[in-house]
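*Asks:* Handing you this structure, nothing more for now.
The values are calculated or read from the model by the stated rules, or taken from the named source; none is laboratory data. What you are looking at is a predicted structure, and each value in this text was computed from that prediction instead of being measured. Cβ atoms come from the backbone with ideal geometry, glycine included; neighbour counts cover every protein chain shown. Quick note on the areas: whole protein, heavy atoms, side chains included, nothing else; ligands and nucleic acids left out. Shrake-Rupley method; radii C 1.70, N 1.55, O 1.52, S 1.80 Å.
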Amino acid sequence: MTATSSGTLERILLSPPDVGDREEQLVVEALRSGWIAPLGPMVDAFEEGVAARCGRTHAVALSSGTAALHLGLLELGAGPGTVVIVPTMTFAATANAVVYTGAEPVFVDCEGTTGNLDPGLLERCLGRLRAEGVTVAAVVPVDLLGRCADYTSLLAICERFEVPVLADAAESVGSWHAERPAGSFGRMAALSFNGNKIMTTSGGGMLLTDSAVQADRIRYLSSQARQPAEHYEHTEVGYNYRLSNLLAAVGLGQLERLDSMIGRRRAVRERYVECFAGLPGVRVFQRDGDEADNCWLTSVLVDEARAGWSAGELRRALAEADIESRPLWKPMHLQPLHAGARTWLSGASEGLFATGVTLPSGSALRPEEVDRVIGTVTDFVRGGR
Ligand SMILES: *Cc1c(COP(=O)(O)O)cnc(C)c1O
């Protein structure tokens, strides 16, 4: 175990950034090159590298995943008088980006097994909205905790209804579905390089597309929508959403290390799987079919009646040992912000919210830290609680 100088154990975080010598080297290189901000060769190389990794022809590096969602939605025509379908089981940013455009978010429930947008419910929702004559600007599936949504089903449904898909792949960089990489699905995909994500630029995001025209539009909108005139002519609202060259340098280093970081997260998950095996009423969330997942975060689901303890009790025991844990995302339809929004619900997201505990999952976790988490869980389960 590691101890701070005062002798107390260090807090174990859920998913802290994992950066090292390579990132430092690239940032120094960027600084010394004189390309400080905003754009520069590191941005170009980062865009190229991520596009190749995600099976896309174009990528635009942006200041956040939220910015990527916002611009993607604007490009698809989301705005006042339109609706955008969002899974209720997601982080707030997915729905916030819809609200920025003036469109109305409609929340659809998830599958209980994966936590991802339920294709059957989506189909019913789209059918009903079409019957009402509602304009659906986009469907935004989310790849929850790194598991790709069921794009095989979702894209077929959306194609039938002629509604474009903007994939929120903020959590799934490096994952696969049906032998295609995360970020390659739908008309466009948004990535996040926030500090807690599988790879980070400290803060950043990217919008992926296969259309050169669309990529040019996104570049233009994200850099203040300046017309090519010396006096800065403007005909529409622009945004200051580009990623800086210095941060792209961090991203380039992270991209080189992505596979090894995924491997380390997977190894952490395997330890949890071992630890919880044989415990009645507890299972590792998204375990089935996780071979192609990036294992961004590992959660367990607790059936209180069978386990004899609740998700909340486990979280308290971890907190007392100074170990960070979290429930799964609180569904959007339960958020005061979205009270009154239209919903298609099955109860699955509320079930996951009530029973899920997300455990420390970072690639920088040291083996002794994982041991400490497992020891705390084991003591708790044995009745030390
Ligand atoms: C992190 C995240 C975002 C937002 O990304 P930022 O880079 O933090 O703006 C959007 N959607 C999901 C599902 C996320 O997890």
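*Asks:* In region 76-95, how many residues are within 16 Å of the ligand (Cβ to nearest atom) and either farther than 14 Å from Ala190 by Cα or open to solvent by less than 20 Å² (accessible area, probe 1.4 Å) (or both)?
*Replies:* Count: 12.
*Asks:* Do the conditions hold for Leu31, that is, is it surrounded by fewer than 22 Cβ atoms within 10 Å (Cβ to Cβ), of a type outside the set (Lys, Arg) and outside the structural domain of Asp143 (by TED's automatic domain parsing)?
*Replies:* No: the conditions fail for Leu31.
*Asks:* Still on this structure: Within region 177-189, can you find the residues that are assigned to a strand (DSSP E or B) and crowded, with 24+ Cβ neighbours inside 10 Å?
*Replies:* Met188, Ala189 - these are the residues of region 177-189 that are assigned to a strand (DSSP E or B) and crowded, with 24+ Cβ neighbours inside 10 Å.
*Asks:* So, in region 310-325, exactly how many residues are among the basic types (Lys, Arg) and either open to solvent by less than 70 Å² (accessible area, probe 1.4 Å) or more than 23 Å from Ser363 (Cα to Cα) (or both)?
*Replies:* Here the count works out to 1.
*Asks:* Checking Leu73 against (1) open to solvent by 10 Å² or more (accessible area, probe 1.4 Å); (2) in contact with a helix residue (DSSP H, G or I) (Cβ under 7 Å, 6 or more places away or on another chain); (3) within 16 Å of the ligand (Cβ to nearest atom), which single condition isn't satisfied?
*Replies:* (1)
For (1) open to solvent by 40 Å² or more (accessible area, probe 1.4 Å); (2) outside any loop (DSSP other than H, G, I, E, B), each residue gets a yes or a no:
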| residue | (1), (2) |
| --- | --- |
| Leu155 | yes, yes |
| Val163 | no, no |
| Leu191 | no, yes |
| Asn194 | yes, no |
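*Asks:* When you scan region 288-309, do you find a residue that is assigned by TED's automatic domain parsing to the domain that holds Phe353, assigned to a helix (DSSP H, G or I), among the basic types (Lys, Arg) and open to solvent by less than 10 Å² (accessible area, probe 1.4 Å), even just one?
*Replies:* No, region 288-309 has no match at all.
*Asks:* Something else: Here is a check on your reading of the model: is Arg56 among the charged types (D, E, K, R), open to solvent by less than 40 Å² (accessible area, probe 1.4 Å) and either in contact with a His (Cβ under 7 Å, 6 or more places away or on another chain) or more than 16 Å from the ligand (Cβ to nearest atom) (or both)?
*Replies:* yes
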